[in-house]
Amino acid sequence: MKNQDWIRTVDEKIKRKMFKVAERNQKKIPYVTAEGLYEDMAEKDIYWWTNGFWGGIMWQMYHATGEKLYFTIAVETEDKLEKNLYHYRGMDHDSGFKWLLTAVADYRLTGNEKSRDRALIAANSLAGRFNLAGSFIRAWNDEGEGDKAGWAIIDCMMNLPLLYWASEEIHDPRFLQIAQAHADMAMKTFVREDGSVNHIVVFHPATGQVQKSLGGQGYAEESSWTRGQAWALYGFVLSYIHTGKAEYLNTAKKVAHYFIANIPENGLIPVDFRQPADCRWEDGTAAAIAACGLLEIEKYVSENEKAMYHNAAVRMLQALDKEACWDEEKDYIIEKCTAAFHDERHDFPMMYADYYFIEAIWKLSSQESFMW
Ligand code: GLY
């Protein structure tokens, strides 16, 4: 099948399936499934970091189809998330994932002032997590003395666009300055010589000295957690898009080259590029996120460089499509994901893999609503 035919086929499969999924899950905020059907995170944990992705899927579907159901669910999801703005526990560095895909998307598409307010409050909270001594945005909350006050994680690169957006929106360079300071720090401290990245770097929160790096959700300290590589790959190209700083594009390319060199023969991405050779656990989230990042890099490189990024993205997306679940009675599309290498559970659906898969297919079919 030619690429254009394949894109059209997947596009149709997504549109057929997602309408059923949306109808069945109108009142939920999905994350994982039980027997193929989504559980409700609004009930379980309204502060969970992935809770914006359902709104993101709804906006992408609404943008591509104009179907009112998606719009209604997107707006209701954003309303439910409002609690996150009033409870400190709910305001960690994942404000970007939560609010770019809901309130910022809503404001960009409809001009809703209430959404603008929510997103600006979230951006202020994110900026308030900046540690001046170490030039990093603190990742997680933990009120134990000295505990996570010095922790920064590579995932945060995807939250920076909330700060870039706020800076442009209210013409205030503080948010841009903080985002760039964090991105500059991440280039130096997270990205290794070979283009792989650390997941967690621990700073002394008072002096800003780097103390250690941790394997986090990957296999081990020196290993290469694939979702972390994908957050870096996509996150740095996004920082380039918002700032025009060539170092960010070059860093995204460096991480991308490492990623592409490690894609296995079958195009399916393991949980960690350095997991033991006999371990078969996969992470479809890493594949879909990296594909999105590669398709963005493709736009900003010279004509003769484009094919490498494009073809690697399509290869991973076609591999995901081959093993995806297109049964319309089940809620998920991407089947094999992993939250963390050392968790007990592996190879199960996580809704945000579907978000990035749809975003990537929409990039290929020019139906995307740019969320970052
Ligand atoms: N940002 C958390 C994760 O990637 O699991």
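The values are calculated or read from the model by the stated rules, or taken from the named source; none is laboratory data. Treat the numbers as computed from the prediction; the structure is a model and nothing was measured. FYI the Cβ positions are ideal-geometry reconstructions off the backbone, even for glycines, and counts take in every protein chain you see.
Can you tell me which residue among Arg108, Arg138 is of a type in the set (D, E, K, R), over 17 Å from the mean Cα position of the chain (by Cα) and within 21 Å of Ile358 (Cβ to Cβ)?
Residue meeting the stated conditions: Arg108.
Considering Asp106, Asp92, which residue is within 16 Å of the ligand (Cβ to nearest atom) and either within 25 Å of Lys148 (Cα to Cα) or part of a helix (DSSP H, G or I) (or both)?
Criteria check complete, one pass: Asp92.
Kindly indicate which of Leu126, Leu109, Leu120 is surrounded by fewer than 24 Cβ atoms within 10 Å (Cβ to Cβ), touching a His at 6+ places or on another chain (Cβ under 9 Å) and not basic (Lys, Arg).
Leu109
Considering only the range 325-351, state which residues are within 22 Å of Val10 (Cα to Cα), among the charged types (D, E, K, R) and either out of contact with any Phe, Trp or Tyr (no Cβ under 7 Å at 6 or more places or on another chain) or without any contact (Cβ under 8 Å) to a residue 24 or more places away in the chain (or both).
The answer is Asp327, Glu328, Glu329, Lys330, Glu335, Lys336.
Just to be sure I understand the filter: pairs with C-beta atoms under 6 Å, separated by 6 or more residues or on different chains, first member in the range 119-135 and more than 21 Å from Val104 (Cα to Cα), second member part of a helix (DSSP H, G or I). Which pairs pass?
What qualifies is Phe130/Ile178; Ser135/Ala181; Ser135/Met185.
Is it fair to say Lys44 is away from the ligand (no atom under 16 Å from the Cβ), charged (D, E, K, R), under 27 Å from Ala139 (Cα atoms) and surrounded by 16 or more Cβ atoms within 10 Å (Cβ to Cβ)? Spell out how you get there, then give the answer.
Numbers: away from the ligand (no atom under 16 Å from the Cβ): yes; charged (D, E, K, R): yes; under 27 Å from Ala139 (Cα atoms): yes; surrounded by 16 or more Cβ atoms within 10 Å (Cβ to Cβ): no.
For Lys44, the condition - away from the ligand (no atom under 16 Å from the Cβ), charged (D, E, K, R), under 27 Å from Ala139 (Cα atoms) and surrounded by 16 or more Cβ atoms within 10 Å (Cβ to Cβ) - is not met.
Exactly one of (1) under 20 Å from the mean Cα position of the chain (by Cα); (2) charged (D, E, K, R); (3) surrounded by fewer than 19 Cβ atoms within 10 Å (Cβ to Cβ) is unmet by Glu82. Its number?
That leaves (1) as the condition not met.
Does Trp99 satisfy the condition of being closer than 23 Å to Leu176 by Cβ, hydrophobic (A, V, I, L, M, F, W, C) and modelled with pLDDT of 95 or more?
yes
Within the range 125-176, how many residues are at pLDDT 95 or above, within 16 Å of the ligand (Cβ to nearest atom) and part of a loop (DSSP other than H, G, I, E, B)?
4
Which one of Leu69, Leu85, Leu101, Leu81 is within 16 Å of the ligand (Cβ to nearest atom), of a type in the set (A, V, I, L, M) and under 24 Å from Phe370 (Cα atoms)?
Exactly one of Leu69, Leu85, Leu101, Leu81 is within 16 Å of the ligand (Cβ to nearest atom), of a type in the set (A, V, I, L, M) and under 24 Å from Phe370 (Cα atoms), namely Leu101.
Please go through the range 283-324 and pick out each residue that is polar (S, T, N, Q), without any contact (Cβ under 8 Å) to a residue 60 or more places away in the chain and assigned to a helix (DSSP H, G or I).
Within the range 283-324, Asn304, Asn311 meet the criteria.
Suppose the filter is over 20 Å from Cys279 (Cβ atoms), at pLDDT 95 or above and part of a helix (DSSP H, G or I); does Tyr248 pass it?
When the stated conditions are applied, Tyr248 passes them.
Gly66 versus (1) under 25 Å from Cys156 (Cα atoms); (2) surrounded by fewer than 16 Cβ atoms within 10 Å (Cβ to Cβ): which is the lone unmet condition?
So the condition that Gly66 fails would be (1).
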